[in-house]
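Trainee: Have a look at this one before I ask anything.
The values are calculated or read from the model by the stated rules, or taken from the named source; none is laboratory data. Just so it is clear, the structure is predicted and the values come from calculations on it, not from any experiment. When we count neighbours, we look across all protein chains shown, and the Cβ atoms used for this are built from the backbone with ideal geometry, even at glycine.
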Amino acid sequence: MTRLRGTILAAAVPLFLISACAQTAGNQAAGAADSRVPESAEVSPAADDLVLRVESFGGFVPAEQNVGRIPAISIYGDGRLISLGPTTAIYPGPALPNIQVQMITPEEVRELVRQGQQAGVRNGTDFGSPNIADAPQTRVTAGDQSVSVMALSEAPANDPKLTAAQREARTKLSAFVKKLQSLPSASGVANPVPYRPTVLAALARTFTAPQAGDPASPAKAWPGPALPGDMLNQNIGIGCAEVTGADLPTVLAAAKDAKATTPWTSGGATYAITFRPLLPEEKGCAALKGVR
């Protein structure tokens, strides 16, 4: 549980999750499907149940960034809003990401789920495939529905591979995504406090010395569990070590003043580490495996 202003967030709040009942037929024109939101079913999500999320995956980025990518917005059953806070524009940046947590009300959570599913976050919605390469996909979750859209913000409005209905669907979803992304600074939302994970994933790979002219960081001794940990993917050579318990504050203290480019020494080897605080529903390194 995350400690927020001295209060331990515990019991989950009731939430009406809207369940989509109809799928768009494969030969049905995009946008012609029934746009009505089905009736709600009353459920009570647990505090750590994911309810709303905006995240990106894929695209032309280094493998370690894709594996360690943090969702832009995550909202949970107890009303916690977890997001990426402001980051420094200085290179190299800090080793630890700036993740913050705030609270919204149960009524706001219910309304956002409703708005999301009205905006097209329903299984089977057709967003098309634009004529653009190496762009990331945006995955949006609202209640029990989730959609993944290629190049949601990168595709031009007049992309010739998109139909008018697909463009309209993208416009509606983009507006909802922007609404979620603006929540951390919205009026009435509690001020953010740092997110305190119970598990920190250390994504370790063999360290490569910087090229001539690039800034170098001094090496630091790794104070946590043995690196590189369990391999997330043998093909990309990235391991994952779970930092928990008594190791967690020690590693966080060591990483506090480190840079993203800091070399870490462990067991006679030197590693580059991407730190990925695990979110409430992520129970270990296994949550980071697969396509993200």
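Trainee: Restricting to region 30-46, what's the tally of residues that are crowded, with 16+ Cβ neighbours inside 10 Å and either at pLDDT 70 or above or among the aromatic types (Phe, Trp, Tyr) (or both)?
Mentor: Residues meeting the conditions: 1.
Here's the yes/no breakdown for (1) of a type outside the set (Gly, Ala, Ser); (2) more than 24 Å from Asn66 (Cα to Cα); (3) at pLDDT below 95:
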| site | (1), (2), (3) |
| --- | --- |
| Ala119 | no, yes, no |
| Ala135 | no, no, yes |
| Thr138 | yes, no, no |
| Gly143 | no, yes, no |
| Ser153 | no, no, yes |
| Ala164 | no, yes, no |
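Trainee: Using the structure shown, decide if Ala209 is of a type outside the set (Ser, Thr, Tyr) and either at pLDDT below 95 or within 26 Å of the chain's Cα centre (by Cα) (or both).
Mentor: yes
Trainee: Right, here's the next one. Which of (1) in a loop (DSSP other than H, G, I, E, B); (2) out of contact with any helix residue (DSSP H, G or I) (no Cβ under 9 Å at 6 or more places or on another chain); (3) surrounded by 11 or more Cβ atoms within 10 Å (Cβ to Cβ) is the odd one out, the single condition Leu162 does not satisfy?
Mentor: Here Leu162 clears every test but (2).
Trainee: Which numbered condition in (1) touching a residue at least 60 places away in the same chain (Cβ under 8 Å); (2) under 30 Å from Leu152 (Cα atoms); (3) surrounded by 15 or more Cβ atoms within 10 Å (Cβ to Cβ) is the only one that Lys259 fails?
Mentor: Exception for Lys259: condition (2).
Trainee: I've got another one for you. Residue under question is Ala212, and the condition is that it be without any contact (Cβ under 8 Å) to a residue 12 or more places away in the chain, closer than 15 Å to Arg69 by Cα and not aromatic (Phe, Trp, Tyr); does it hold?
Mentor: The answer is no for Ala212.
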